[in-house]
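The values are calculated or read from the model by the stated rules, or taken from the named source; none is laboratory data. Because the structure is a prediction, the values reported are computed rather than measured. Reconstructed Cβ throughout: ideal geometry from the backbone, glycine too, with neighbour counts over all protein chains shown.
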Amino acid sequence: MRTIALSLLAASLILAADVDTPYTRIAKLATYISGGDTTGALEAFDKSLTNYGQISEDLTALSTQADVLCAIDVVADKEADDENAAVHHLDLDWYMTLTSRADTGLTEKRRVRVAVTIQRFKEKWRITALSPVAILAPITIK
């Protein structure tokens, strides 16, 4: 819980700065998902992304069904040495705790390595590839 709280605190501090980098975009994404802000979370994704519709539906379902704590750590960045690179391929350690609003006893934890391609369009960074998309799937009742 301490790691999640620190991640959320760091993300909120990053949001105070308007500098958009691949790392701040990922931090904002985690903050928006945790806050149930589907519109803010979708800003991280390029609309031409193959699974954009599914991602939009899944984020909407998640924010409706569950309270979400989300932490995303960058494990590797293939373009980390080139600050001017317009595309970054990120390896993410993505952790979420989903607490159902319908069934207060149901909590689902997800921890998945996620591959992301993030690209700069003018001054904004957008995710152009995400795998596996299932990290954003609605909560499942077992």
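Considering only the stretch 90-109, state which residues are among the polar types (S, T, N, Q), touching a residue at least 24 places away in the same chain (Cβ under 8 Å) and farther than 15 Å from A137 by Cβ. If you could, list the steps in order and put the result at the bottom.
So in the stretch 90-109, the residues among the polar types (S, T, N, Q) come out as 97, 99-100, 104, 107.
Cutting the leftovers down to touching a residue at least 24 places away in the same chain (Cβ under 8 Å) gives us 97, 99-100.
T99 - this is the single residue of the stretch 90-109 that is among the polar types (S, T, N, Q), touching a residue at least 24 places away in the same chain (Cβ under 8 Å) and farther than 15 Å from A137 by Cβ.
State the number of residues belonging to the stretch 16-55 that are within 9 Å of the chain's Cα centre (by Cα) and aromatic (F, W, Y).
Qualifying residue count, the stretch 16-55: 1.
Taking the conditions exactly as written (outside any loop (DSSP other than H, G, I, E, B) and surrounded by fewer than 22 Cβ atoms within 10 Å (Cβ to Cβ)), does E79 satisfy them or not?
No: the conditions fail for E79.
How about the stretch 51-76: which of its residues are without any contact (Cβ under 8 Å) to a residue 24 or more places away in the chain and not in a helix (DSSP H, G or I)?
Result: A76, single match.
Whether any residue in the stretch 2-14 is outside any loop (DSSP other than H, G, I, E, B), surrounded by fewer than 20 Cβ atoms within 10 Å (Cβ to Cβ), at pLDDT 90 or above and within 14 Å of the chain's Cα centre (by Cα) is what I want to check.
Within the stretch 2-14, not a single residue is outside any loop (DSSP other than H, G, I, E, B), surrounded by fewer than 20 Cβ atoms within 10 Å (Cβ to Cβ), at pLDDT 90 or above and within 14 Å of the chain's Cα centre (by Cα).
Here is a list: I72, I135. Which entry is in contact with a strand residue (DSSP E or B) (Cβ under 9 Å, 6 or more places away or on another chain) and farther than 20 Å from D20 by Cα?
I135
Would you call T21 surrounded by fewer than 18 Cβ atoms within 10 Å (Cβ to Cβ), among the β-branched types (V, I, T), closer than 19 Å to A134 by Cα and at pLDDT below 95?
no
Could you list, in sequence order, the residues of the stretch 88-116 that are within 14 Å of L49 (Cβ to Cβ) and surrounded by fewer than 18 Cβ atoms within 10 Å (Cβ to Cβ)?
A115 - this is the single residue of the stretch 88-116 that is within 14 Å of L49 (Cβ to Cβ) and surrounded by fewer than 18 Cβ atoms within 10 Å (Cβ to Cβ).
Whether any residue in the stretch 105-116 is farther than 19 Å from A27 by Cβ, touching a strand residue (DSSP E or B) at 6+ places or on another chain (Cβ under 6 Å) and basic (K, R) is what I want to check.
Looking for residues that are farther than 19 Å from A27 by Cβ, touching a strand residue (DSSP E or B) at 6+ places or on another chain (Cβ under 6 Å) and basic (K, R), one finds at least one in the stretch 105-116, hence yes.
Answer yes or no as to whether A27 is buried (at least 16 other Cβ atoms within 10 Å of the Cβ) and either of a type in the set (A, V, I, L, M, F, W, C) or at pLDDT 95 or above (or both).
Values: buried (at least 16 other Cβ atoms within 10 Å of the Cβ): yes; either of a type in the set (A, V, I, L, M, F, W, C) or at pLDDT 95 or above (or both): yes.
When the stated conditions are applied, A27 passes them.
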